[in-house]
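Enquirer: Here you go, one structure.
The values are calculated or read from the model by the stated rules, or taken from the named source; none is laboratory data. Remember, it's a predicted structure, so these values are computed and weren't measured experimentally. Cβ atoms come from the backbone with ideal geometry, glycine included; neighbour counts cover every protein chain shown.
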Amino acid sequence: MIYGKMWCVVKPSVGIPLFIAAVAIASFSVHVALTLNTTWVKGFLNGGQKAAVAAPAEAPPGKK
């Protein structure tokens with residue numbers, strides 16, 4: 001283990017839950033920031049309307 005000596009300073013019963021909580025808080029804050037600061041995430045999560053894609057107009061036959 002790379003950081004084996006760390007557990008001589010911090011008890012695993014404190015350090016492991018603290019680490020897991022820090023990861024959860026960081027993940028939640030990133031998701032909140034994405035939801036609040038973008039326009040497409042809200043539509044994606046709410047199942048926004050799909051944009052209709054128009055096919056390009058074809059040239060009339062005989063003309064190039």
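Enquirer: For the range 35-61, enumerate the residues that are part of a loop (DSSP other than H, G, I, E, B), surrounded by 10 or more Cβ atoms within 10 Å (Cβ to Cβ) and either touching a helix residue (DSSP H, G or I) at 6+ places or on another chain (Cβ under 6 Å) or at pLDDT below 85 (or both).
Expert: Pass one, the range 35-61, residues part of a loop (DSSP other than H, G, I, E, B): 38-39, 46-61.
Now narrow it down to the ones that are surrounded by 10 or more Cβ atoms within 10 Å (Cβ to Cβ): 38, 48.
Of everything in the range 35-61, just one residue is part of a loop (DSSP other than H, G, I, E, B), surrounded by 10 or more Cβ atoms within 10 Å (Cβ to Cβ) and either touching a helix residue (DSSP H, G or I) at 6+ places or on another chain (Cβ under 6 Å) or at pLDDT below 85 (or both), namely Gly48.
Enquirer: Among the residues of the range 2-34, how many are of a type in the set (Phe, Trp, Tyr) and either within 14 Å of the chain's Cα centre (by Cα) or loosely packed, with under 10 Cβ neighbours inside 10 Å (or both)? Full working, then the answer.
Expert: From the range 2-34, those of a type in the set (Phe, Trp, Tyr) are 3, 7, 19, 28; that's our starting set.
Those still in the list that are either within 14 Å of the chain's Cα centre (by Cα) or loosely packed, with under 10 Cβ neighbours inside 10 Å (or both) too: 3, 28.
Residues meeting the conditions: 2.
Enquirer: List the pairs whose first member sits in the range 6-35 and is at negative phi, whose second member is surrounded by 11 or more Cβ atoms within 10 Å (Cβ to Cβ) and among the aromatic types (Phe, Trp, Tyr), and whose Cβ atoms are under 9 Å apart, counting only residues at least 6 apart or on separate chains?
Expert: Gly15/Trp7
Enquirer: Please name all residue pairs, on different chains or six or more residues apart, with Cβ atoms under 7 Å, provided the first residue is in the range 40-52 and is at negative phi and the second residue is at pLDDT 65 or above and polar (S, T, N, Q).
Expert: Partner pairs satisfying both residue conditions: Val41/Thr35; Lys42/Thr35.
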